Amino acid sequence: MMDEEFPPLPRDLTEVLTKLLSNPNVASKEWVVRYYDHEVRGNTVIKPLQGKLGMRGPGDATVIKPLEGSFRGLAIAVGVNPWFTALDPYKGGQASVDEACRNLTAVGGIPHSLTDCLNFGNPEKPERLGEFREAVKGIGDMASALNLAIPSGNVSFYNETSMGACLPTATVLGLGIVPDIRKCVTTDLKEEGNPIYVVGETRHEMAGSLLFREFAGKGGMVPGVSPEALKASMDHLQGCFERSLIRACHDISDGGLAVALAEMCIGGDLGVNADIVAMGKLPSAAKLFSESHSRWLVEVDRKREDEWLQRMKVPNVKIGLVGGKMLVIEDKDVLVDVEVGQLRKAWSEPLWKLLG
Amino acid sequence: MRANDVKVCVLRIEGTNCEEETAAAFYNMGASPEKVHLKQLIHSCPEEMRRNLEDYDILALPGGFSAGDYVRAGAIFAARIKSALSKQVDEFVSAHKPVIGICNGFQILVELGLLPAFEAAMSREPQAALYTNDSARFECIPTLLRHENSGNCIFTSSLPKGEVVMFPSAHAEGKLMFETHEERRYLDLLEKNHQVVFRYVDPEGRYAGYPWSPNGSISSIAGLCNPAGNVMGLMPHPERVFHRYTHPDWTRDSRDPSGDGDGKVIFQSAVDHVVKKG
């Protein structure tokens, strides 16, 4: 591990947030989503774009209801982080499984099985083969620990030119069972006054993060994965989905908590007043932008908050309330203060501009 | 007649891909739909598979990419119907039996001359076209439609005029066009004959531009019927919102997700009509 060099950031973290939202890897994929018929057969229950009609916010997973006579559904989601994999191939492989699982969980699905799509450089070069070996081991160990089958997969090598190899890209696609599609949840915020919780532990894990990539941070820790902690959080969340305590849920990945929170505002066309002091002693920028795994943001039905607190015996912390049309985040000082409309613009437009 | 006795022909060829959900919508109304390949109607198949159009009460042309959308969307399916089944289709329509074309089905009805059909049940040449969307892209997107029909259209007889419904769109060629020199006259005819069934609107209820109208259709038209009101074509997909749980925003409110979706009324109106007629 390299010593961390935290990059200098603009004083106003709103500027940082909107820049991260506009990164092509984070920005809305509407350009391509709308280009394909994702509703054919009339059984797409949870769509790839979510939220208030016309707001087209992001989704973590899609859900189809394959059988006319049953409310069971299939959730489908992917996970991948080539930057983590480049820095630490084993953790990168684990990260793909973790992300796929938390995406499935976020709509109310129970992870059932996985498949993968592994794109790497020339395996005749020892370091490329080493990367591949470790990434596959990471995926396999996670799948074993979570008891998920990987019945299929696909490998593509030699993705390399004289300029170098592609980033080691170990994509995992997860399939989840939704016991009752009528209890599915989307990422968009629903109702003013509902509390928002962060589920899972936020650590100072900045290596490979979107923040470090955009602002030239160096070194640091690649986020680690604990399958036991992931499993515990998924089980507790599933209990809450089952009882319909959750109104919105979004996994925390690229860009960290701040990006995930902004995305929930975009779909719901609602603001949030957040105070992240309760997240502990980490630097504010780490609380906002660290990409620690196995985390979700959850909007809880305020009338049933007690029930939520009783059930959630895994790390979780309340960070604010849904309300208004501004996203305001404080950590003693005001860090972010921005209109939801401005967040939507920053997130929605980049791919249309890049791809025409 | 009971709903169960209402026989629906859901007609398909290669490339049709919305026959399951279209048949399911009629089935869920209590009717008896059957997915029928065109070859079964023109008897180009083993004897036990042969079917006759006249035995059905409703004809549904589902969405998809029939014959790969080659030439023009719907053109090949329409040409094949026209060459082998013209008489039967003409008789079916003239008998005032309901015919619905959704998305690719609407394109087929226009190519066939069953819509707008100003002069006869089936015009010899197409009188309109569903042309490439203004965006030049395939558009899969929720669309809001205002019901504009004054009551002659069988498929919207249970939907109050002025009501706004959400049927999703998914097409690349949905821009209704007329020959330029006939544009004004045809639009007037559509109004006079009460042939406009749906127009695209935005969430404020105003006639919509892009993307609420995903294609740039003339006069924001999303769906038409013939002057007799028994043939309806529309680009958006009512069969995809038969249930509330396939609406894009159902997770946002407290309505029962297994309750009715906006599209149900289309199938209900048609089946009710046939049941009442006996």
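We did not get these values from a lab; they are worked out from the coordinates using the rules stated. Every value quoted in this text rests on a predicted model; they were computed, and no experiment measured them. Backbone-built Cβ (ideal geometry, glycine too); neighbour counts: all protein chains shown.
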I'd like to check which strands (runs of 3 or more DSSP E) are fully inside segment A:284-356 and have at least 1 residues that are closer than 28 Å to residue A:142 by Cα, without any contact (Cβ under 8 Å) to a residue 60 or more places away in the chain and not hydroxyl-bearing (Ser, Thr, Tyr). none
Could you list all residues from segment B:162-176 that are away from chain A (no Cβ under 14 Å) and buried (at least 18 other Cβ atoms within 10 Å of the Cβ)? B:175, B:176
Selection over segment B:4-20 where residues are facing another protein chain (nearest Cβ under 8 Å) and crowded, with 24+ Cβ neighbours inside 10 Å yields a count of 1
Out of everything in segment A:196-213 that is more than 15 Å from residue A:257 (Cα to Cα) and in contact with a helix residue (DSSP H, G or I) (Cβ under 6 Å, 6 or more places away or on another chain), what residue ends up being farthest from the other protein chains (Cβ to nearest Cβ)? A:207
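Yes or no, residue by residue, for (1) within 13 Å of chain A (Cβ to nearest Cβ); (2) within 18 Å of the chain's Cα centre (by Cα); (3) in a strand (DSSP E or B):
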residue: B:203; (1), (2), (3): yes, no, no
residue: B:216; (1), (2), (3): no, no, no
residue: B:223; (1), (2), (3): no, yes, yes
residue: B:228; (1), (2), (3): no, yes, no
residue: B:239; (1), (2), (3): yes, yes, no
If a residue must be in contact (Cβ under 8 Å) with a residue 24 or more places away in the chain, within 10 Å of chain A (Cβ to nearest Cβ) and part of a helix (DSSP H, G or I), how many such residues does segment B:241-270 contain? 1
Checked A:208, A:239 against criteria (farther than 21 Å from residue A:276 by Cβ and not in a loop (DSSP other than H, G, I, E, B)); the one match is A:239
Taking strands (runs of 3 or more DSSP E) that fall entirely within segment A:21-140, which contain at least 1 residues that are within 14 Å of another protein chain (Cβ to nearest Cβ) and crowded, with 23+ Cβ neighbours inside 10 Å? A:44-46, A:62-64, A:73-79
Over segment B:115-157, the set of residues of a type in the set (A, V, I, L, M), within 14 Å of chain A (Cβ to nearest Cβ) and over 20 Å from residue B:198 (Cα atoms) is B:136
